[in-house]
1. Return the pairs, sorted by first residue and then second, in which the second residue is outside any loop (DSSP other than H, G, I, E, B) and modelled with pLDDT of 95 or more, the first residue lies in the stretch A:85-109 and is among the charged types (D, E, K, R), the beta carbons are less than 7 Å apart, and the residues are 6+ apart or on different chains.
2. Check the stretch B:34-41 and report whether any residue there is more than 18 Å from B:G106 (Cβ to Cβ) and either among the charged types (D, E, K, R) or touching a residue at least 12 places away in the same chain (Cβ under 8 Å) (or both).
3. Report yes if some residue within the stretch A:26-44 is in a strand (DSSP E or B), within 14 Å of another protein chain (Cβ to nearest Cβ), of a type in the set (A, V, I, L, M) and more than 11 Å from the chain's Cα centre (by Cα); otherwise report no.
4. Do any strands (runs of 3 or more DSSP E) entirely within the stretch B:7-115 hold 1 or more residues that are within 12 Å of another protein chain (Cβ to nearest Cβ), under 23 Å from A:S94 (Cβ atoms) and among the hydroxyl-bearing types (S, T, Y), and if so, which?
5. Residue under question is A:I4, and the condition is that it be among the hydrophobic types (A, V, I, L, M, F, W, C) and touching a Ser or Thr at 6+ places or on another chain (Cβ under 7 Å); does it hold?
6. Identify all residues within the stretch A:42-74 that are among the small types (G, A, S) and farther than 19 Å from B:V93 by Cα; write none if there are none.
7. Could you tell me which residue of the stretch A:1-25 is nearest to B:Q42 (Cα to Cα), considering only residues that are assigned to a loop (DSSP other than H, G, I, E, B) and within 14 Å of another protein chain (Cβ to nearest Cβ)?
Amino acid sequence: SAVISQKPSRDICQRGTSLTIQCQVDSQVTMMFWYRQQPGQSLTLIATANQGSEATYESGFVIDKFPISRPNLTFSTLTVSNMSPEDSSIYLCSVDLQGDGRGYTFGSGTRLTVV
Amino acid sequence: AQSVTQLGSHVSVSEGALVLLRCNYSSSVPPYLFWYVQYPNQGLQLLLKYTTGATLVKGINGFEAEFKKSETSFHLTKPSAHMSDAAEYFCAVTQGSSNTGKLIFGQGTTLQVKP
């Protein structure tokens, strides 16, 4: 089965700085998804990234705070900008390997701590 | 709008006892349903899924779940708990064949297994 690689796996960052998280899939996929998991909470979709178009953001998330790139069908980045301690979360990328809503697979996540 | 409710944020069972984690959903279209497990400091791993066909689905590690449309439920069970089952479990739903790529997650259930 396809593998999703996410990096960094964890980081500790100073408030006010930005962190870019990378997600690499070893097969081509149409959509890539970015989720946030705040401490002790469930997962919330941040945005959907399609190659060749701007990402679609969910309510409560904006491009200025979470810019996303999708340069090709196997790669995406999520940037967490101007970080504050409230951004401390696990960020996960996900892809639908089957392309029909039946095969969602997740990366191992990036554990971000903002101090 | 779709939603997922997991009854019981914490479930504690003895090793060897039955595991029952409850999940109810609301959806205006036939859903696809998923159970994921998250071990400490790790990403999400798919346990099992229901898309179409047989309503009793078997997953990895001895888990199974039954889709009951009349009860809008997708409860997760395992006949005999093992210490290694201690983890966070998430139920999730998408819009089935009208899939937009968005997974809606329940709040999660922490499973504790006592020796």
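The values are calculated or read from the model by the stated rules, or taken from the named source; none is laboratory data. Treat the numbers as computed from the prediction; the structure is a model and nothing was measured. Counting neighbours? That spans all protein chains shown, and the Cβs are built from the backbone with ideal geometry, glycine included. Remember, those area values only see protein heavy atoms, side chains included, never the ligands or the DNA or RNA. Shrake-Rupley method; radii C 1.70, N 1.55, O 1.52, S 1.80 Å.
1. A:D87/A:V80; A:D87/A:L112; A:D87/A:V114
2. Within the stretch B:34-41, one or more residues are more than 18 Å from B:G106 (Cβ to Cβ) and either among the charged types (D, E, K, R) or touching a residue at least 12 places away in the same chain (Cβ under 8 Å) (or both).
3. Looking through the stretch A:26-44, at least one residue is in a strand (DSSP E or B), within 14 Å of another protein chain (Cβ to nearest Cβ), of a type in the set (A, V, I, L, M) and more than 11 Å from the chain's Cα centre (by Cα).
4. The strands (runs of 3 or more DSSP E) meeting that bar are B:32-38, B:44-50, B:87-94, B:109-114.
5. The answer is yes for A:I4.
6. Passing the criteria: A:A49, A:G52, A:S53, A:A55, A:G60, A:S69.
7. Filtering the stretch A:1-25 for residues that are assigned to a loop (DSSP other than H, G, I, E, B) and within 14 Å of another protein chain (Cβ to nearest Cβ), the one nearest to B:Q42 (Cα to Cα) comes out as A:S9.
For (1) within 16 Å of the chain's Cα centre (by Cα); (2) within 24 Å of A:P39 (Cα to Cα); (3) buried (at least 19 other Cβ atoms within 10 Å of the Cβ), each residue gets a yes or a no:
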| residue | (1), (2), (3) |
| --- | --- |
| B:V4 | yes, yes, yes |
| B:L7 | yes, yes, no |
| B:A17 | no, no, no |
| B:C23 | yes, yes, yes |
| B:Y36 | yes, yes, yes |
| B:Y50 | yes, no, yes |
| B:A54 | no, no, no |
| B:Y89 | yes, yes, yes |
